[in-house]
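Below is one structure, written out as structure tokens; the observations come after it.
The values are calculated or read from the model by the stated rules, or taken from the named source; none is laboratory data. Just so you know, these numbers come straight off a predicted model, no measurement behind them. In this analysis, Cβ positions are derived from the backbone assuming ideal geometry, glycine residues included, and neighbour counts consider all displayed protein chains. The accessibility values were calculated without ligands, DNA or RNA, using every heavy atom of the protein model including side chains. Shrake-Rupley method; radii C 1.70, N 1.55, O 1.52, S 1.80 Å.
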Amino acid sequence: MAPSVAVVGATGAVGEVMRQVLTERKFPLRAIKFLASARSAGKTIDFQGKKHPVEELRPEAFAGVDIVLSSTPAGISREYSPIAARAGAIVVDNSSAWRMDPDVPLVVPEVNADALARIPKGIVANPNCSTIQMVVALKPLHDLARIKRVVVATYQASSGKGATGLFELDAQLSAVSRGEPVPPAKAHAAQLAGNGLPHDWKAGDMGYTEEEWKMVRETKKIMGDETIEVSPTTARVPVRIGHSEALNLEFERPISVEQARQAFRRAPGIVLLDDLSKGEVPLALASTGRDEVFVGRIRSDPTVPHGLNLWVVADNLRKGAATNAVQIAEVLVQRNLLPKR
């Protein structure tokens, strides 16, 4: 039987994309409801030709729900995800609240879908957007030659801050184009228009941001290999949608550029764009609205015995959030992993 689904945080940037992805991927639904804060309750949402009321997020709202697709702040998830799980649902949570919990699988279906065989808390964590696209690209290469070390620099879109980030960037760009004073930054750490921000996340240990530590810890958990070393630098750039990443990879065994290309051609969820002479390279703008991870600029690194450089791009609202969550839900349904009622 098709599952009953609840979308939590339905009126936010990721919640909106979740609705689109559910429709586009023809996700099987017995019923659906949309939950949000009291501020949004009472609004209506158009979904598959019908108007649905937005319900307030309350414990009783999870009655009879099989899958919860949640995109809320971490504090809200810590409170409500266990409530939904106790009501009998599997929660696919997009916040940072549960990612490093040893009893919560952290899943990118192209990489570690088998982790869904064990969901002791009834919660599955959706990884960080920048981590998701990176591990999709790492997986086929790790299987081929075993990755020792990853040095990654990210160029992350404004929409990583949600709708408020997009509104702020648009307002700043508009002011710049008119020669007017730029509105002060609130969503971002500083003015993003015409700028790059290496400090757009909360500071963490050793001078790294929390975003950078997420990439380190989540990569090891998803890949199932604590020996992979990850050295990240994350930055925000004045792009609306689409995260870009420069990856420098060092391997244990020899690997050629052509071997990497062949691995990417076979790998699920990847589009190879790797002909610089024809301008075939992954671009943030071209990734918008797409579910795949785009890989290109594959080059040997002459400074280490076995090394490659890559350029990796994906839509951070789709594969980096909503699509990955829906893909997890698809695996739960396809493999009959939902709790029996």
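Structural remarks
- Residue match in region 91-114 (condition: over 30 Å from Leu141 (Cβ atoms), open to solvent by less than 10 Å² (accessible area, probe 1.4 Å), assigned to a loop (DSSP other than H, G, I, E, B) and in contact (Cβ under 8 Å) with a residue 24 or more places away in the chain): no
- Pair list, Cβ under 6 Å, 6 or more apart: region 56-75 residue free of Cβ contacts under 8 Å to residues at least 60 places away in the same chain, other residue in a helix (DSSP H, G or I): Pro59/Ile83; Phe62/Ala84
- Unmet requirement for Val65, which otherwise passes all of (1) more than 19 Å from Val124 (Cβ to Cβ); (2) modelled with pLDDT of 95 or more; (3) β-branched (Val, Ile, Thr): (1)
- Number of residues in region 299-337 that are closer than 16 Å to Gly15 by Cβ, part of a loop (DSSP other than H, G, I, E, B) and over 8 Å from the mean Cα position of the chain (by Cα) equals 1.
- Within region 20-33, the residues that satisfy the criterion of being within 21 Å of Gly320 (Cα to Cα) and buried (at least 21 other Cβ atoms within 10 Å of the Cβ) are Val21, Leu22.
- Residues in region 269-287 that are surrounded by fewer than 18 Cβ atoms within 10 Å (Cβ to Cβ) and over 23 Å from Ser256 (Cβ atoms): Gly279, Leu283, Leu285, Ala286.
- Identity of the residue in region 199-254, of a type in the set (Asp, Glu) and touching a helix residue (DSSP H, G or I) at 6+ places or on another chain (Cβ under 8 Å), that ends up farthest from Gln172 (Cα to Cα): Glu252
- In summary, Lys340 fulfils each of the numbered conditions (1) over 30 Å from Ser256 (Cβ atoms); (2) within 24 Å of the chain's Cα centre (by Cα) with the single exception of condition (2).
- Selection status of Val7, over 17 Å from Arg341 (Cβ atoms), in a strand (DSSP E or B), β-branched (Val, Ile, Thr) and touching a Lys or Arg at 6+ places or on another chain (Cβ under 8 Å): yes
- Residues that are open to solvent by 30 Å² or more (accessible area, probe 1.4 Å) and over 24 Å from Ala113 (Cα atoms), drawn from region 215-236: Ser231, Thr233
- In the condition set (1) open to solvent by less than 30 Å² (accessible area, probe 1.4 Å); (2) outside any loop (DSSP other than H, G, I, E, B); (3) touching a residue at least 40 places away in the same chain (Cβ under 8 Å), Leu192 is compliant with all but (2).
- Counting the residues of region 115-144 that are open to solvent by less than 10 Å² (accessible area, probe 1.4 Å), touching a strand residue (DSSP E or B) at 6+ places or on another chain (Cβ under 9 Å) and aliphatic (A, V, I, L, M) gives 10.
- Scanning region 145-173 for residues that are open to solvent by 10 Å² or more (accessible area, probe 1.4 Å) and under 21 Å from Glu245 (Cα atoms) gives Arg146, Lys148, Arg149, Val151, Ala153, Tyr155, Gly160, Lys161, Gly162, Leu166.
- Identity of the residue in region 293-341, of a type in the set (D, E, K, R) and modelled with pLDDT under 95, that ends up surrounded by the most Cβ atoms within 10 Å (Cβ to Cβ): Arg341
- Considering (1) buried (at least 17 other Cβ atoms within 10 Å of the Cβ); (2) small (Gly, Ala, Ser); (3) outside any strand (DSSP E or B), the lone condition that Ala41 does not fulfil carries the number (1).
- Among the candidates Glu211, Glu250, residue that is touching a residue at least 40 places away in the same chain (Cβ under 8 Å), surrounded by 14 or more Cβ atoms within 10 Å (Cβ to Cβ) and either in contact with a Phe, Trp or Tyr (Cβ under 6 Å, 6 or more places away or on another chain) or of a type in the set (A, V, I, L, M, F, W, C) (or both): Glu211
- Lone qualifier among Pro102, Pro127 - being modelled with pLDDT of 95 or more and touching a helix residue (DSSP H, G or I) at 6+ places or on another chain (Cβ under 8 Å): Pro127
- Residues (in contact with a strand residue (DSSP E or B) (Cβ under 7 Å, 6 or more places away or on another chain), at negative phi and touching a residue at least 12 places away in the same chain (Cβ under 8 Å)) located in region 253-275: Ile255, Val257, Ala260, Arg261, Phe264, Ile270, Val271, Leu272, Leu273, Asp274
- Some residue of region 262-281 being assigned to a loop (DSSP other than H, G, I, E, B), β-branched (Val, Ile, Thr) and out of contact with any Asp or Glu (no Cβ under 8 Å at 6 or more places or on another chain): no
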